[in-house]
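Read the structure below first, then the notes.
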Amino acid sequence: MASEYQYDFTAYISFLPPDLGGRKKRIYSGFRPSVSFKTDKHYSSQLIFDTPDYIEPGSNAIVTVKILPAITIPKNLSVNDTFKIAEGNHVIGTGIIKSKIIKQEAELFKQ
C-alpha cells in the first residue's frame, strides 16, 4: 500500500543539454520524471512551471516539484538537499530543494 501523503516543494533545477545526455525536446509543465535523493531509489514526480509553460534542454528554472505518494519517500528531506532528475535510466538534470517541504494528504486515497 502506498503512502497517504504527497510531498511538494520548490526547487532550483538544471536540465542537461542534449550533448551531455539531456533531452533533445522541450520540457513542458506537468512533466513526470523520476527523482532520486542520495540513493538509488527513484520516486515518481511531477514538475510544475510557473512561467513559461516549457523549459528548453540545457536551461535552469525554479519549479514546484510534487513527489507522488510512495512508502519509501525519505522523511528527512530538507532545504538545500540535492536530487537527480531522470527519464528512464538517463539522468537529464539535477535540482536543489529551495523551500520547506509540504506534506499533504493525498486526495487519491481519501474515501
Which whole-number value in Å³ per residue fits the convex hull of the alpha carbons of segment 5-109? 98 Å³
Order by neighbour count: Ile101, Ile96, Ile13, Ile71, fewest other Cβ atoms within 10 Å first, most last. Ile71, Ile96, Ile101, Ile13
With 10 angstrom as the radius, rank Arg32, Arg23 by how many other C-beta atoms surround their C-beta, starting from the fewest. Arg32, Arg23
Before anything else, pin down the relative contact order of the chain: Cα pairs under 8 Å, at least 6 apart, normalised by residue count, whole percent. 40 percent
How would you rank Thr51, Thr72, going from fewest to most other Cβ atoms within 10 Å of each one's own Cβ? Thr51, Thr72
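Just so you know, all these numbers are worked out from the coordinates, no wet-lab data involved. Remember, predicted model here, so these are calculated numbers, not experimental data. In this analysis, Cβ positions are derived from the backbone assuming ideal geometry, glycine residues included, and neighbour counts consider all displayed protein chains.
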